[in-house]
Amino acid sequence: MSAPGTLFVVATPIGHRGDLTARAREVLGSVDLVAAEDTRHTGAFLAQLGIQVPLIAVHEHNEGERAADLVRRLQQGSRIALVSDAGTPLVSDPGYRLVAAVAAAGLPIVPVPGACAAIAALSVAGLPTDRFAFEGFLPARSSARRTRLESLAGDARTLIFYEAPHRLAETLADLAVAFGAERPAVLARELTKLHETLYRQPLGALAAAAASDPNIVRGEAVLVVAGAPVEVAAAIDPARLDRLLRGLLAGLPLSQAVDLAAEATGERRNRVYERALELRGGG
Ligand code: SAM
């Protein structure tokens, strides 16, 4: 049996052709087969690059059966590139079942990273990036969409959504209701393309703008929404803390009293500890 081949997961541009990396071009020009979401679209793209390579369609309707065939080809030594119509495969695009099958077969998989609309939007949103969640497309049915949004309303992480142009106004209106009209957000439209535009407005203003200006919902868009504000614990009344601590210190060791008082009041443990020392010392 020949040495196994490799599956390359290759990102392609989300608009600007210059965003195809040199390495992606080299890999696409060197593989035996390109597995593409849409062979016509990718065929035209490769032709512009002067690359001639056999193509095979892998899309949401045939991915399961194609995966077995592609695993067999990899086992026989083929080098295969997986691409989607735009951006990074598997990110709201086909490829998950194929990659899972190739991984389960223990065959090599190599990422060839590049454009991804979610990350491009996040990188310019100016919203916190230390913790974020990619939510992809919301459910198309409005009742399911609202239920999903309610479950996300208290999430403190920055949230990233994809949306189709014809649903964008409706989704913004639902977001404004579920998260509050004042929640900061950025609508990133047509990234890397001629009409690239960033709208930085609270959800209520974005929803109103999308309802009245058809230009805003034209083209492709990513929504980046600030996380729920972390509830700043209400400053605790010092007299109440003292009463509680005195009662607890009368019957418990210091550290246990501090733990219970901190838990009961939401006050920082260090601060409670300092106060407990003062009280115990007669302060
Ligand atoms: N795999 C792609 C990626 O890596 O971003 C995403 C594919 S998904 C089917 C298409 C969605 O991505 C669009 O509906 C839109 O929400 C977002 N998108 C793709 N290209 C975009 C662009 N140039 N500007 C803004 N959003 C874009």
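The values are calculated or read from the model by the stated rules, or taken from the named source; none is laboratory data. Predicted model only: the values in this text are computed from it and were never measured. Glycine also receives a Cβ, built like all others from the backbone with ideal geometry; neighbour counts cover every protein chain displayed. These area figures cover heavy atoms from the full protein model, side chains too; ligands, DNA and RNA do not enter into them. Shrake-Rupley method; radii C 1.70, N 1.55, O 1.52, S 1.80 Å.
What the table shows:
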item	result
Cα gyration tensor, the stretch 79-120 - rounded (a/c under 1.5), prolate or oblate	prolate
√(5λ) per eigenvalue of the Cα gyration tensor, the chain, largest first, Å	51, 27, 16
Per-pair calculated FRET efficiency, R0 = 51 Å: Glu26 and Ser143 via Cβ, rounded to 0.05	0.60
Share antiparallel - DSSP beta bridges, the chain, percent rounded to 5	45
Rg followed by Dmax, in Å, when the stretch 118-229 is reduced to its Cα trace	12.5, 36
Mean-position separation - Cα centroids, the stretch 6-83 and the stretch 198-229, in angstrom	34
Between helix 203-212 and the chain: long-axis angle, C-alpha atoms, 0 to 90°, nearest 10	40
Taking the stretch 1-122 and dividing mean pair separation by its residue count, relative contact order in percent (alpha carbons under 8 Å, at least six apart)	45
Reciprocal mean inverse distance between Cα atoms of the stretch 236-280 - Kirkwood radius, Å	9.9
Whole-angstrom Cα spans of the stretch 7-115 along principal axes, big to small	35, 27, 22
Segment Thr129-Ala156, length gained on full extension (0.36 nm per residue, minus Cα span)	8.6 nm
Karplus 3J(HN,Hα) series, Hz, for the stretch 111-119 with 6.51 cos²θ - 1.76 cosθ + 1.60 (x for Gly, Pro)	x, 10, x, x, 5, 8, 4, 4, 6
Over the stretch 116-241, relative contact order from alpha-carbon pairs under 8 Å, at least 6 apart, %	31
Heavy-atom accessible area per residue - the stretch 7-115, 1.4 Å, Å²	48
Chain lengthening between Gln201 and Ala228 when straightened (0.36 nm per residue, less Cα-Cα)	8.2 nm
Whole-number percent relative contact order across the chain, with pairs defined as alpha carbons under 8 Å at least 6 apart	17
